[in-house]
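Heads up, the thing below is written out as structure tokens.
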């Protein structure tokens, strides 16, 4: 059975090829640098296999690629198990999910659209547990691991790194009750806090019902990377970890859709007020 190439390998390989060609090197030249067969270099550039960080830096240095770009590509190319905590989850979480989460941990800019539910990066643990329990694609014996991966580790990494992040929340996501009313109340209060001044790197905007249908996009994330304007990654949420898309035209199309929805969304201040009001209303309703 042919294994689907890792999206990270595809991204790194395509950039490696573009830098090689820009430097005027042929496949045979790259093979000579690594002291290997040219077929190995070809498989690396097409994403059919990974590349060791040492080999990647040797090639990029030979191609006169800036150190900052080398650092980003090396982080993307690093074996997933180098991120030690993923080892505990590799048997229970989909490959596409894990691959995207590693890339997300390298991205410098994240644009996230969530029309129907709160996105994982902003979950409270209780909200995540309620989502996992209601999702038939998550095996019952993997629910705890899925929530731990999303909240305890993936979310913690996100807040530690503080990338430039903009989240557009569909208003429906704020009204669909998930779990016990206490769960929803705590989640709304958490969002209101995150939208405040203590999280200047994170912008949360609400796309109100009054905007109507302004995009056909479902829940998705667009990742971009420092000093690599030609490289990006889109993750479209779905069963079994969703799918990752990396062709430039696709990434550009999703980025345009996100900018379009931004034009219909409440601004950051208005969104904060809306979130605070909803949290207060939820409290009064439950009382």
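The values are calculated or read from the model by the stated rules, or taken from the named source; none is laboratory data. Quick caveat, the model's predicted, so the values are computed rather than measured. Reconstructed Cβ throughout: ideal geometry from the backbone, glycine too, with neighbour counts over all protein chains shown.
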Going by what's in this entry, would residue 115 be described as surrounded by fewer than 20 Cβ atoms within 10 Å (Cβ to Cβ), in the same structural domain as residue 231 (by TED's automatic domain parsing), touching a helix residue (DSSP H, G or I) at 6+ places or on another chain (Cβ under 9 Å) and within 21 Å of residue 245 (Cα to Cα)? yes
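Can you say whether residue 216 is surrounded by 15 or more Cβ atoms within 10 Å (Cβ to Cβ) and either assigned by TED's automatic domain parsing to the domain that holds residue 167 or assigned to a loop (DSSP other than H, G, I, E, B) (or both), as far as the supplied structure shows?
Judged against the criteria, residue 216 is not a match.
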Given the structure, is residue 93 assigned by TED's automatic domain parsing to the domain that holds residue 256, more than 15 Å from the chain's Cα centre (by Cα) and crowded, with 17+ Cβ neighbours inside 10 Å? yes
Test for residue 231: is it in a strand (DSSP E or B), surrounded by 14 or more Cβ atoms within 10 Å (Cβ to Cβ), touching a helix residue (DSSP H, G or I) at 6+ places or on another chain (Cβ under 8 Å) and not assigned by TED's automatic domain parsing to the domain that holds residue 74: yes
How about the range 205-237: which of its residues are under 16 Å from the mean Cα position of the chain (by Cα) and farther than 21 Å from residue 10 by Cα? 217, 218, 219
Given the residues 145, 186, 156, which is the only one that is within 20 Å of residue 239 (Cα to Cα) and either without any contact (Cβ under 8 Å) to a residue 12 or more places away in the chain or in the same structural domain as residue 206 (by TED's automatic domain parsing) (or both)? 145
Just one of the numbered conditions (1) under 30 Å from residue 256 (Cβ atoms); (2) outside any loop (DSSP other than H, G, I, E, B) is not true of residue 107; which one? (2)
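Being part of a loop (DSSP other than H, G, I, E, B) and within 22 Å of residue 258 (Cα to Cα), is that true of even one residue in the range 177-194?
Within the range 177-194, none of the residues are part of a loop (DSSP other than H, G, I, E, B) and within 22 Å of residue 258 (Cα to Cα).
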Helices (runs of 4 or more DSSP H) contained in the range 6-47 and holding at least 3 residues buried (at least 17 other Cβ atoms within 10 Å of the Cβ) and touching a residue at least 60 places away in the same chain (Cβ under 8 Å): 7-22
So residue 152, is it surrounded by fewer than 20 Cβ atoms within 10 Å (Cβ to Cβ) and in a strand (DSSP E or B): no
